[in-house]
Amino acid sequence: MRVLLDYTAALSQVSGVGRYTRSLVAALDRARPPDVDLALWSARVRPIRTQVLPRTVREVPIPERWLTVGWQRLRLPLPVEVLAGRADVVHAPDFVAPPHRAPAVVTIHDLSYLVTPQFAYPNLRRYLATAVPRGLRGSTGIVAVSRATAEDLTRFYDVDPARVTVIPEGVDPAFRAPADEVVVTVLDTLGIRRPYFLIVGTIEPRKNHLGVLTAFEQLARAHADVSLVIVGRPGWMSSEIMAAIDSAASRLSVHHLGGIDDEQLAALYAGSVALVYPSWYEGFGLPVVEAMACGTAVITSDRGSLAEVAGDDAVTVDPSSPESIAAAMESVLDDSAFRQGLIARGIERAATFNWDAAAAAHIDLYRRVVAADG
């Protein structure tokens with residue numbers, strides 16, 4: 001069975017679907033039985049960084065934007081197999097499937113452009129609103145990364161639940177509690193002092209940085225020694241948020257870090273009082289389980305998939321209420337026993353999100369899709 005998987009996002013995106021695709025392919029390589037041939041292809045992109053590829057990636061000599069325009073806007077019926085080689089099953093891990101001859105599997109990470117359209121970049125919202133439903137209709141298998149996303153597919157697109165396989169994301173092996181001396185070294189290198197709260201993610205409206213900044217300002221009135229560390233690159237519609245971060249940093253102990261590597265991020269997770277992640281909506285929320293795996297408490301939203309992923313092992317808050325966020329931060333900061341309980345339960349919960357299990361579930365889905373095509 002030859003699986004043709006689109007690796008473009010892994011090369012062009014630092015976080016989000018890029019991280020998902022890199023982790024999934026690494027796990028598929030570990031789990032792959034002898035009768036499964038995993039073939040990777042990508043459009044022509046500028047790689048985000050020098051990286052060791054998991055295997056040979058066949059580059060299609062067409063820029064990603066041109067391929068997208070040709071396939072999705074002009075509707076050119078050029079099967080991906082013509083460009084990337086033979087396939088028994090085609091896997092599109094980034095929302096949208098290209099034209100294909102073999103049966104296809106498409107991964108849907110979230111429907112934020114429908115659930116929270118006010119936070120979506122308008123051009124991307126219009127593109128996904130057209131391309132995603134077309135891809136769903138043409139795919140034999142659909143992967144949702146959470147039950148919440150699966151339910152959204154039924155709610156917004158009337159997708160038969162029997163067509164959807166829920167396969168949660170896993171925690172990359174890089175995210176484990178590091179040694180104390182590693183944490184100290186990383187914090188010294190980055191100029192961060194304890195105690196601090198941490199927010200991780202691309203800086204865009206859906207992540208609710210403004211709510212966290214307001215909550216932190218409330219907390220800092222009674223806890224002047226506490227810092228807020230923001231990790232993430234600016235994304236779409238981020239100018240107002242970046243201005244608010246700069247303003248807060250001029251008055252409070254607020255630090256913005258752009259791109260950092262996984263070792264540094266693991267140390268930042270481990271050294272923090274808690275990850276604060278009250279996003280307005282997520283399809284999964286990978287930082288929640290990464291932070292848990294690194295041994296820190298988590299404060300997250302009660303919306304979307306986040307309560308599902310966190311379970312009873314995090315503090316959930318109303319993202320529309322900075323007061324609720326601030327109260328949760330203060331409770332974790334002031335109550336050491338409460339915080340240690342969250343950490344212990346979080347480590348156990350994070351262990352249930354396993355990339356090897358996700359890879360095995362994907363291989364099983366590929367087999368079912370090929371068998372159904374008969």
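Worth pointing out:
- Screening Ala222 on (1) open to solvent by less than 50 Å² (accessible area, probe 1.4 Å); (2) touching a residue at least 40 places away in the same chain (Cβ under 8 Å); (3) of a type in the set (A, V, I, L, M) shows it passes everything except condition (1).
- Residues that are assigned to a loop (DSSP other than H, G, I, E, B) and closer than 20 Å to Ser227 by Cα were ranked within segment 172-193; the one that is most open to solvent (accessible area, probe 1.4 Å) is Arg193.
- Options Val315, Val309; residue that is of a type in the set (A, V, I, L, M) and touching a Phe, Trp or Tyr at 6+ places or on another chain (Cβ under 7 Å): Val309
- A Cβ distance below 8 Å, combined with a sequence gap of six or more or placement on separate chains, defines the contacts here; from segment 28-39, residues that are more than 10 Å from Ala359 (Cβ to Cβ) reach residues that are hydroxyl-bearing (Ser, Thr, Tyr) and open to solvent by less than 40 Å² (accessible area, probe 1.4 Å) in the pairs Val36/Tyr366.
- When residues of segment 225-238 are limited to those that are out of contact with any Leu (no Cβ under 6 Å at 6 or more places or on another chain) and closer than 20 Å to Tyr281 by Cα, the one most open to solvent (accessible area, probe 1.4 Å): Arg233
- Only residues that are more than 25 Å from Val289 (Cβ to Cβ) and either among the hydroxyl-bearing types (Ser, Thr, Tyr) or not in a loop (DSSP other than H, G, I, E, B) (or both) were counted in segment 239-274, giving 14.
- Scan of segment 151-167 for residues that are open to solvent by less than 70 Å² (accessible area, probe 1.4 Å) and either of a type in the set (Ser, Thr, Tyr) or in contact (Cβ under 8 Å) with a residue 40 or more places away in the chain (or both), ordered by number: Asp152, Leu153, Thr154, Tyr157, Thr165, Ile167
- If you go through segment 325-341 and keep only what is touching a Pro at 6+ places or on another chain (Cβ under 8 Å) and open to solvent by less than 40 Å² (accessible area, probe 1.4 Å), you end up with just Ile325.
- Checklist (1) within 18 Å of Trp280 (Cα to Cα); (2) among the charged types (D, E, K, R); (3) without any contact (Cβ under 8 Å) to a residue 60 or more places away in the chain applied to Glu204, failing item: (3)
- Residue in segment 255-266 that is under 20 Å from the mean Cα position of the chain (by Cα) and open to solvent by less than 10 Å² (accessible area, probe 1.4 Å) present: yes
- In segment 18-36, the count of residues that are closer than 25 Å to Arg134 by Cα, surrounded by fewer than 18 Cβ atoms within 10 Å (Cβ to Cβ) and of a type in the set (Gly, Ala, Ser) is zero.
The values are calculated or read from the model by the stated rules, or taken from the named source; none is laboratory data. Keep in mind the model is a prediction, meaning the values are calculated, not measured. Note: ideal-geometry Cβ built from the backbone for every residue, glycine included; neighbour counts use all protein chains shown. In case anyone asks, the SASA skips ligands and DNA or RNA and just uses the protein heavy atoms, side chains included. Shrake-Rupley method; radii C 1.70, N 1.55, O 1.52, S 1.80 Å.
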